[in-house]
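Q: Dropping a structure here in structure tokens format, bear with me for questions.
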């Protein structure tokens, strides 16, 4: 495997790729959250991997060496079977890193549980012990690795949970329902090759089909498939969130009114003065 690099602002250490990838074999390709992990043959007895995040518009796919290079191709790995593994990305919001040994182990430890492998009990523990918005928790890669904006909204709609609810406010039954529907939606989306909202293509160059199954995401102003009310959009956890205001009632938050100046704070019952 030889390496040719274009723009490298999304690569942690471009020199590490040029120095360490030639001659190495790709022994396995794994999904690790939103990352692809290319496990490489060992060097000096240490495990090594190429960690790849596609960002919003990236694509990593094999091509015939004779095939013309697409615009915005920034990494080209020549394989020993005559093909080239090419990384293309117009916006370069992704990430690529060569990691080995302790650095690789440390990187992977920062990720949360895999949503397709996490048990119902662990899922509830990760969600119900945190006072953060449930939408934020689903997107937090240190809590669950691999859940994106689309599938967070779709899962919350299916579970009838408002995206602004606090994780700690969910009942055990609600957490159980969310765990179940999240897995169902992710499995269905994988089978349909994901959601092609704009220009997404899979590794075979084919668009996804799951966008045809969306019940909430991107449907602002349209009728809810369940109750007929209008789908609304709001910013939750810094991201556009689509939900049904009727099926997914907003949380009731207690308003704390500060005392007026000159008034004494009332002492809670059962307390004593020191």
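The values are calculated or read from the model by the stated rules, or taken from the named source; none is laboratory data. As the structure is a computational prediction, the values presented were derived from the model and not from experiment. We place every Cβ from the backbone using ideal geometry, glycine too, and count neighbours over all the protein chains shown.
Q: Can you run down the residue pairs with Cβ atoms below 6 Å, 6 or more apart or on separate chains, where the first is in segment 1-23 and free of Cβ contacts under 8 Å to residues at least 12 places away in the same chain and the partner is surrounded by 13 or more Cβ atoms within 10 Å (Cβ to Cβ)?
A: Listed by first residue and then by second, the contacts come to 14/5; 14/8.
Q: Among the residues of segment 173-189, are any at pLDDT below 80, under 30 Å from residue 87 (Cα atoms) and touching a helix residue (DSSP H, G or I) at 6+ places or on another chain (Cβ under 8 Å)?
A: no
Q: Let me ask you something else. Closer than 22 Å to residue 119 by Cα, modelled with pLDDT of 90 or more and surrounded by fewer than 18 Cβ atoms within 10 Å (Cβ to Cβ): is that true of residue 168 in this structure? Please lay out each step first, then the result.
A: On the way: closer than 22 Å to residue 119 by Cα: yes; modelled with pLDDT of 90 or more: yes; surrounded by fewer than 18 Cβ atoms within 10 Å (Cβ to Cβ): yes.
Yes, satisfied.
Q: In contact with a helix residue (DSSP H, G or I) (Cβ under 7 Å, 6 or more places away or on another chain) and not assigned by TED's automatic domain parsing to the domain that holds residue 41: does that describe residue 145?
A: Judged against the criteria, residue 145 is not a match.
Q: Regarding residue 54, is this residue closer than 18 Å to residue 84 by Cα and at pLDDT 90 or above? Show your work before the answer.
A: Values: closer than 18 Å to residue 84 by Cα: yes; at pLDDT 90 or above: no.
Here the answer is no, as residue 54 does not meet what is asked.
Q: Within segment 32-51, take every residue that is farther than 25 Å from residue 9 by Cβ and in contact with a strand residue (DSSP E or B) (Cβ under 8 Å, 6 or more places away or on another chain) and give me the one that is modelled with the lowest pLDDT.
A: Filtering segment 32-51 for residues farther than 25 Å from residue 9 by Cβ gives 39, 41-47.
In the following step, the residues that additionally are in contact with a strand residue (DSSP E or B) (Cβ under 8 Å, 6 or more places away or on another chain) were identified as 39, 41-43, 46-47.
Working: 39: 94, 41: 89, 42: 77, 43: 67, 46: 71, 47: 83.
My answer is 43.
Residue by residue, here is whether (1) touching a helix residue (DSSP H, G or I) at 6+ places or on another chain (Cβ under 8 Å); (2) modelled with pLDDT under 70; (3) over 27 Å from residue 132 (Cβ atoms) holds:
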site	(1), (2), (3)
227	no, no, yes
231	no, no, no
240	yes, no, no
247	yes, no, no
254	no, yes, no
266	no, yes, yes
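Q: Determine whether residue 94 is at pLDDT below 90 and either under 19 Å from residue 38 (Cβ atoms) or surrounded by 13 or more Cβ atoms within 10 Å (Cβ to Cβ) (or both). Spell out the reasoning first.
A: Numbers: at pLDDT below 90: no; either under 19 Å from residue 38 (Cβ atoms) or surrounded by 13 or more Cβ atoms within 10 Å (Cβ to Cβ) (or both): yes.
So residue 94 does not fit the description; no.
Q: Next up: For residue 107, which of the numbered conditions (1) crowded, with 18+ Cβ neighbours inside 10 Å; (2) touching a strand residue (DSSP E or B) at 6+ places or on another chain (Cβ under 8 Å) fails to hold?
A: Exception for residue 107: condition (1).
Q: I'd like to verify a number: residues in segment 140-187 that are more than 22 Å from residue 211 (Cβ to Cβ) and assigned to a helix (DSSP H, G or I), how many?
A: Number of matching residues: 11.
Q: Keeping to segment 6-31, report how many residues are modelled with pLDDT under 95, part of a strand (DSSP E or B) and crowded, with 16+ Cβ neighbours inside 10 Å.
A: Adding up the residues that qualify gives 1.
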